[in-house]
Amino acid sequence: MKTDMVIAGVGGQGILSIAAALGSAALDNDLYMKQAETHGMSQRGGDVQSFMRISDKPIYSDLIPKGGADIILSVEPMEALRYLPYLKKGGYVVTNSTPFININNYPEQEKLEATIKALPNYVLIDADRIAKEEVGSARAFNFVMLGAASPFIDVPFEYLEEGIRKIFARKGDEVVDMNIKALHAGRKFSQENR
Amino acid sequence: MQKSLLLGVEAIAQGAIDGGMSGVYAYPGTPSTEITEYVQHSKQANELNIHSDWAANEKTAMESALGMSYAGKRAMVCMKHVGLNVAADCFMNAAITGTNGGLLVVVADDPSMHSSQNEQDSRVYGKFAMIPILEPSNQQEAYDMARFGFELSEACEIPVMMRITTRLAHSRAGVARSAEVIVQNKLKLPEDKLQFVLLPAIARKRYRKLLSNQEKFEAVSEDSVFNSYIDATDKSMGIIACGLGYNYLMENYPDGDCPYPVVKISQYPIPRTMVQKITSECDKVMVLEEGYPVIEEILKGYLEKEAVIGRLDGTLSRDGELTPDMVGKALGFEIKESFEVPSIVAARPPALCVGCSHIDVYKALNEVVAEYGGGRVFADIGCYTLGALPPFNAINSCVDMGASITMAKGAADAGLIPSVAVIGDSTFTHSGMTGLLDAINEKTPITVIISDNESISMTGGQKSSAKGKLEAICLGLGVEKEHIHVLLPVPKKHDEIKEIFRKEMEYNGVSVIIPRRVCVQKNVRDQKIKKAAMAKAAAKA
Ligand code: SF4
């Protein structure tokens, strides 16, 4: 049991809460995990990424070797492509389709989608829309994304639910349920559209 | 045992708390900031009454920590690598005074310069000061070493450095905490009342003691659980792997079956016997170390044959942080790269936040400076350094904390008039004040803009020690009252701001302009905290 994953996005998009849920899922179930993240400069609207590694055996490196990631999970479409050298052959790109545009030379939407669709294994999901319309909270898009990636993560799905429950416990049942609902919605989409 | 999910920096903080620390002193700097923040937010630390407020700079932090150690208690001082340059004066001398209570100096290096001005390797400083160094290879070691560092410091009566790098600092893993929380030391003065008095006669004696202790430090390192010799059959090569270098080595042998003998080093001075064994048994030795080729250079001096490979001969890149791929390639493995980055992916450089007060300062400044011709704005370290990038292209230097004012002074001395310094509020109290005094003493014609956002924003909005004090400090240093201006940097005031800039740049003396508006991000955070506190109070009532 082993999953190496690059979680990508832009500073402030909250990719760390995805990592936190996964981390707590791993740790509470006696799996090993390492998660490297970016701090500092990159937070002013720059690109950020987090390397997430989960395994039932000890993990040495905090960094994932090139060509070693099982999944690239991106909360924004262009950022999914930035880390492609880390994706292994046969690995999956799971990305939100809603762009985060804070630069003038952001690529054309069509070209971007075409590039993603040219990849052998991808899930392109409008997590913003699903979060708003199906889950009822725009903020839950992060966990729609985690749900969408979940079929490719070698960790029992219940662990992910537990992880969410644990990190949001302080905020009350409503928030927990909302995010778990988002997790399910993302998973469903991915299973139907992989 | 239940594990906690901790960043490397958090593991150090928790280890120090559990290890009987009485105080942490620091100035924020990526990647070291969260050590102190963790202590500040720790309920346990709060209950134990552990000091954790921010210092004005790394030197004052180091000196305070030494003071706490003098009084017999365990103290930790944290900084990033370039912060150690600021603290170096005290740091070097603390090796001579020695310690009373345990003193742990945590320095976070930033190879690859993720958010720094250079890649300097703090192990060189540790060696320079001739003190023991710890270099954890994972989060668990980081935790254990913080506790151990205090013990080592007390056993050897010397400050102990813990050197980490960005990757470990900002990477999270499960950490098992020790069941026993060590009780803080009682107040206890040094037995030798002159130990900390570095008058030449005493300093000479203390220095001889430091020198005579080197063998002891080496012996401790030789026996350290953090150093090990892992034998293997293929002696065509041996590997010396330091800190994280060990992980990147083993990453290439997923089943743990590295065919070459390995010396894993996480404590210095270098364990001589182990190194001698591996260099004599193996045909050649590869050194994996993050930062400078410290061990590699020493070995090149030891060995006659050209049998040491690493960063100096290009086997590994001379600069940048180590990666599993870099190490894999050096070991002869192929990089598995499968996809390339598509050409449509654009760079997304960091930028000032929308609505940031620095933007209004730079917009006005750019227009006024253009009237004199560019190339005359000296800046400093903080969010406003991003003003160097498009669309502003507003600044011409960023060297070290405080250098804006002194460089502007030097340029003005050279005849570049007007010269402008842009510095943040926190950076000003960190190291700008003394430079301003120089300018005042010589009545050098410079315009100093202290862009005051009432926060240390670059590192996440820590408390600025300048808060509410800037005008008083400037007045006290001797800036003339009519040449101190406080203004509100908002688009509406654009012309007014320009007017003041222009007027003061024309003035043949020292002017200080303080555009003051709280950092947008800090404001949002403060509002949230306020709201939460109000909700809590309401729930209670
Ligand atoms: S964090 Fe604050 S000071 Fe820094 S760019 Fe954003 S608004 Fe400006």
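The values are calculated or read from the model by the stated rules, or taken from the named source; none is laboratory data. Since the structure is predicted, the reported quantities are computational estimates derived from the model, not experimental observations. As a convention, Cβ positions derive from the backbone with ideal geometry for all residues, glycine included, and neighbour counts pool all protein chains shown. Just the protein is used for accessible areas: all its heavy atoms, side chains included, with ligands, DNA and RNA removed. Shrake-Rupley method; radii C 1.70, N 1.55, O 1.52, S 1.80 Å.
Key figures for this structure:
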read-out: Lysines whose Cα lies under 22 Å from that of B:LYS503, excluding same-chain neighbours fewer than 8 positions away; value: B:LYS363, B:LYS409, B:LYS443, B:LYS481, B:LYS492, B:LYS493
read-out: Accessible area of chain A belonging to carbon and sulfur atoms, whole % at 1.4 Å probe; value: 47 percent
read-out: Cα centre as origin, Lys/Arg/Asp/Glu Cβ charges: the protein assembly as shown dipole, Debye; value: 1500 debye
read-out: Where a label projected 7 Å from the Cα of B:LEU187 along Cα→Cβ would reach, residues of segment B:25-67 with amide N under 14 Å; value: none
read-out: Kirkwood Rh, angstrom, segment B:460-504 [1 / mean 1/r, Cα pairs]; value: 12.5 Å
read-out: Apportionment of accessible area to carbon and sulfur, chain B, percent (1.4 Å); value: 55 percent
read-out: Partner chain coverage, peptide B:165-178 - average Cβ within 10 angstrom; value: 5
read-out: Cα-centre dipole for chain B with unit charges at Cβ (Lys and Arg positive, Asp and Glu negative), debye to 20; value: 1740 debye
read-out: CD proxy at 222 nm, helix term only [per DSSP H run n ≥ 4: -39500 (n - 2.57); per residue of chain B; nearest 500]; value: -12500 deg cm²/dmol
read-out: Chains A and B, summed buried accessible surface - 1.4 Å probe, Å², nearest 100; value: 4100 Å²
read-out: Centre separation in Å (Cα based) which lies between segment A:5-78 and segment B:340-393; value: 30 Å
read-out: Trypsin sites (Lys or Arg not before Pro) lying in DSSP loop within segment B:185-281, provided at most 13 other Cβ fall within 10 Å; value: B:LYS186, B:LYS188, B:LYS193
read-out: Helix B:403-413 axis, angle to chain B major axis (alpha carbon atoms, nearest 10°); value: 60 degrees
read-out: Average beta carbon contacts from partner chains per residue of A:28-39, 10 Å cutoff; value: 5
read-out: Sum of side-chain charges, A:PHE51 neighbourhood, beta-carbon under 15 Å (Lys, Arg +1; Asp, Glu -1); value: -1
read-out: Length-normalised contact order of segment A:1-150 in % [C-alpha pairs under 8 Å, at least 6 apart]; value: 23 percent
read-out: Under 11 Å, Cβ to Cβ, from A:ALA20 - net charge with Lys/Arg +1 and Asp/Glu -1; value: +1
read-out: Accessible surface, segment B:357-523, averaged per residue in Å² (probe 1.4 Å); value: 39 Å²
read-out: Distance in nm between pseudo-label sites at B:LYS205 and B:MET534 (7 Å out along the Cβ direction from Cα); value: 6.3 nm
read-out: Proximal charge balance of B:ARG348 [Cβ under 10 Å; K/R count +1, D/E count -1]; value: -2
read-out: Relative contact order [Cα under 8 Å, 6+ residues apart], chain B, whole percent; value: 11 percent
read-out: Antiparallel bridge percentage (DSSP; both residues within chain B; nearest 5); value: 20 percent
read-out: Segment B:33-111 versus segment B:412-474: alpha-carbon centroid distance in Å; value: 25 Å
read-out: Structure-based [θ]222 nm, chain A - -39500 (n - 2.57) summed over DSSP H runs of at least 4, per residue, nearest 500; value: -11500 deg cm²/dmol
read-out: Length added when fully stretched, B:ASP89-B:GLU442, from 0.36 nm per residue minus Cα-Cα; value: 124.4 nm
read-out: Peptides B:447-453, B:429-435 ordered by average Cβ neighbours within 10 Å, highest first; value: B:447-453, B:429-435
read-out: Student exercise, segment B:228-330 dipole from Lys, Arg, Asp, Glu Cβ charges, in Debye to nearest 20; value: 300 debye
read-out: Signed unit charges on C-beta, dipole axis of the protein assembly as shown, positive-most listed residue B:MET250, B:ILE295, B:GLY476; value: B:GLY476
read-out: DSSP beta bridges in the protein assembly as shown [antiparallel fraction, %, rounded to 5]; value: 30 percent
read-out: Per-residue average of Cβ from other chains inside 10 Å of B:329-338; value: 4
read-out: Segment A:90-148: GluC sites (Glu not before Pro) in DSSP coil with no more than 10 other Cβ atoms inside 10 Å; value: A:GLU108
read-out: Solvent-accessible area per residue for segment B:71-164 (1.4 angstrom probe, square angstrom); value: 22 Å²
read-out: Residue (of B:PHE128, B:THR165, B:THR97) at the positive-pole extreme of chain B, dipole from beta-carbon charges; value: B:THR97
